[in-house]
Amino acid sequence: MSRVAAFFDLDKTIIATSASAALSRPFYEGGLVTRVDVLRTAYAHFLFVVGSADADQTERMRKHLSELAAGWDVDKVRQIVAETVHDVIDPYVYAEAVELIAEHHELGHDVVIVSASGVELVEPIATVLGADHVVATRMRVADGKYTGEMEFYAYGENKAVAIRELAGKHGYDLQRSYAYTDSITDAPMLDAVGHGFVVNPDRTLRRLAAERGWGVLAFSRPVSLRTTLRPPTPVLGVLGVLAAAVAGVLVWRALRRR
């Protein structure tokens, strides 16, 4: 029998910020970036949060981050992320997203985080959240260091391509599957599944959702994963406990809106 998956964007869908921007200060403190780099990233993050970053600005930022990472030691990046991920991400996690992830697991669905942020940033967050798989941007590595080139950029149509590949590998029925995102650039991802939902959409995305028949969700409540989830505990079991503790009515309505 075919399986069902729920595909979640990360930035501004599960967390109310950009994972890359949130980690800019730890990278600065770890000697990977300069103060100017932090300020430039902060400005890009401001455009991202207010929703005014267009495709050209997004592409320039992608190029900047790729060049910035050239020469970074991969192990050092992973160490910084592992040591700081709770501190920098905890304040921004949406409770509604955590509840929805738990509900999908209760229904026997796989949960997949699909993010344009780097895999080194996304995987630790996905582990804490209990995701089964991750689709994220991958930087090319040589001799343990980033070369400044990208092997795969998880953005736009590429997300849909990766989702279809993952579906073929794990036997997901995409027409029965779900996708959640805040961004209009993820329209191909929403089109790839039978049940698409937009989160906190702006006017343009809300209009497109009405045209395509996608559901609309509002996420706003923060939750501290530090006090509710512990990585050493089997993730599925922890999320099951969390699901039993939260109000599932809102989630059921979201899933059945279609």
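Compute the orientation-averaged projected area for the range 82-204 from the convex hull of its Cα atoms and round it to one decimal in nm².
Values: hull surface 35.4 nm².
With every direction weighted equally, the projected area is 8.8 nm².
Starting with the fewest neighbours, write out Y155, Y172 ranked by other beta-carbon atoms found within 10 Å of each beta-carbon.
Details: Y155 19, Y172 23.
Neighbour counts put them in this order, fewest first: Y155, Y172.
Sequence-distant or interchain residues sharing an amide H contact under 5 Å with E149, placed H: which?
R140
Residues with beta-carbon under 11 Å from that of T13, excluding T13: net charge, scoring Lys, Arg +1 and Asp, Glu -1?
For residues surrounding T13, the net value is -4.
Values in this text are rule-based calculations from the coordinates and carry no lab data. Given the structure is predicted, the values throughout are model-derived calculations rather than measurements. Backbone-built Cβ (ideal geometry, glycine too); neighbour counts: all protein chains shown.
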